[in-house]
Amino acid sequence: MAYEQIIYEVADGVATITLNRPEKLNAFTGTMMAELIAAFDASDADDDVRCVIVTGAGRAFCAGADLSAGGKTFDYESRGEESPVGPDGELRYASESARDGGGRLTLRIFESLKPVIAAINGPAVGVGSTMTLPMDIRLASDTARMGFVFARRGIVPEAASSYFLPRVVGISQALEWCYSGRVFDAAEAQAGGLVKEVLPADRLLARANELAREIADNTAPVSVALTRAMLWRGLGYSHPMDAHKVDSRAILSRGRSGDAKEGVTSFLEKRAPVYPDRVSRDMPDFVPWWEEQRYS
């Protein structure tokens, strides 16, 4: 697929997705949303991809929604889609066109079969912050600034961030950042648990690739895909028995696999593992969410 607003590259088992509107500080558009979703489809379908890195071109990660439409930026009727507003002015909440674009993207990232690392290279505000929440590890440049600015724009948190943000940083921190809508620096983001590490700008991508290599070179891809799904979905379990059921099925299934045999044998033989199983063909069938992708 040819992309207009992102760059998608694969090298040595790592896919790098770069938001690519540097002249607009990589402001988020409907086109960017669709291209990012397509890029995650591509990374899931490619067994050579073991990890995904998301970053921005130029001096920003993503400055939020493109505000070039002015006061109509968040008016769905101005988007050229089927209107979610009826002829009498009633809001059609169940309309497909009523869905938030940031949420369409974050739900797709949530469903990713590959680990996702955010390399936040500069300002990441609004959807620039919320799109990173379903990513697994967030690294930030020391020049990065983040903010959940929605209340200052007369709207509310989007991109399913009311689900993700409290789970990442805790409810009190999530509320303070969202109530105030203020923009804060990378050091505060790290202190609040939003980012794992803060690095000099010239070290950011190198560190992201180090983490990606640790995954790509040493782990079984099916095990990583299962682990990602189990831990993220486990955040919504109402009782540890739910986790026990999934864990038991996963151990039973993977324990019989070629990957398990290779993992033990390579450890005993003190050599690098060569895992035979592939995400495209060897995912176990015991978990319902493989049958239904909920972002669609």
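Confirm whether Ala98 is surrounded by 15 or more Cβ atoms within 10 Å (Cβ to Cβ), of a type in the set (A, V, I, L, M), modelled with pLDDT under 95 and on the phi < 0 side of the Ramachandran plot.
Numbers: surrounded by 15 or more Cβ atoms within 10 Å (Cβ to Cβ): yes; of a type in the set (A, V, I, L, M): yes; modelled with pLDDT under 95: yes; on the phi < 0 side of the Ramachandran plot: yes.
In short, yes.
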Open item on the list: Considering only residues that are of a type outside the set (A, V, I, L, M, F, W, C), in a helix (DSSP H, G or I) and either in contact (Cβ under 8 Å) with a residue 24 or more places away in the chain or touching a helix residue (DSSP H, G or I) at 6+ places or on another chain (Cβ under 7 Å) (or both), which ones fall in region 180-207?
Closed with: Ser180, Gln190, Arg207
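Here's a check for you: in region 87-120, which residue that is part of a helix (DSSP H, G or I) and of a type in the set (D, E, K, R) is farthest from Gly56 (Cα to Cα)?
First, the residues of region 87-120 that are part of a helix (DSSP H, G or I): 96-98, 101-110.
Next, from what is left, pick out any that are of a type in the set (D, E, K, R): 96, 104, 108.
Details: Glu96: 29, Arg104: 20, Arg108: 19 Å.
Ranking the qualifying residues of region 87-120, first place goes to Glu96.
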- [ ] State whether the residues of region 165-173 include one that is buried (at least 19 other Cβ atoms within 10 Å of the Cβ), farther than 15 Å from Thr130 by Cβ, at pLDDT 95 or above and assigned by TED's automatic domain parsing to the domain that holds Ala151.
- [x] no
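Could you tell me whether region 224-239 includes any residue that is under 21 Å from the mean Cα position of the chain (by Cα), of a type outside the set (Lys, Arg) and closer than 20 Å to Gly122 by Cβ? Before the answer, list the steps.
Taking region 224-239 as the starting set, the residues that turn out to be under 21 Å from the mean Cα position of the chain (by Cα) are 224-237.
Now drop any that are not of a type outside the set (Lys, Arg), which leaves 224-227, 229-232, 234-237.
Keeping just the survivors that are closer than 20 Å to Gly122 by Cβ gives none.
For region 224-239, residues under 21 Å from the mean Cα position of the chain (by Cα), of a type outside the set (Lys, Arg) and closer than 20 Å to Gly122 by Cβ: absent.
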Open item on the list: Restricting to region 121-152, count the residues that are in contact with a Cys (Cβ under 9 Å, 6 or more places away or on another chain) and not in a loop (DSSP other than H, G, I, E, B).
Closed with: 7
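Among the listed residues Ala118, Ala174, Ala98, Ala151, identify the single one that is in contact (Cβ under 8 Å) with a residue 40 or more places away in the chain and aliphatic (A, V, I, L, M).
On the way: Ala174 fails: in contact (Cβ under 8 Å) with a residue 40 or more places away in the chain; Ala98 fails: in contact (Cβ under 8 Å) with a residue 40 or more places away in the chain; Ala151 fails: in contact (Cβ under 8 Å) with a residue 40 or more places away in the chain.
Every option except Ala118 fails the conditions.
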TODO: Please tell me if Asp41 is surrounded by fewer than 17 Cβ atoms within 10 Å (Cβ to Cβ) and either assigned to a loop (DSSP other than H, G, I, E, B) or in contact with an Asp or Glu (Cβ under 7 Å, 6 or more places away or on another chain) (or both).
DONE: no
Open item on the list: Quick check on Ser180: is it more than 23 Å from the chain's Cα centre (by Cα), of a type in the set (Gly, Ala, Ser), surrounded by 11 or more Cβ atoms within 10 Å (Cβ to Cβ) and closer than 23 Å to Tyr163 by Cα?
Closed with: yes
TODO: Within region 44-62, track down each residue that is in contact with a helix residue (DSSP H, G or I) (Cβ under 6 Å, 6 or more places away or on another chain) and part of a loop (DSSP other than H, G, I, E, B).
DONE: Asp47, Val49, Arg50, Ala57, Gly58, Phe61
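The values are calculated or read from the model by the stated rules, or taken from the named source; none is laboratory data. Since we're looking at a predicted model, the values are computed, not measured. Heads up, the Cβs are rebuilt from the backbone with ideal geometry, glycines too, and the neighbour counts pull from every protein chain shown.
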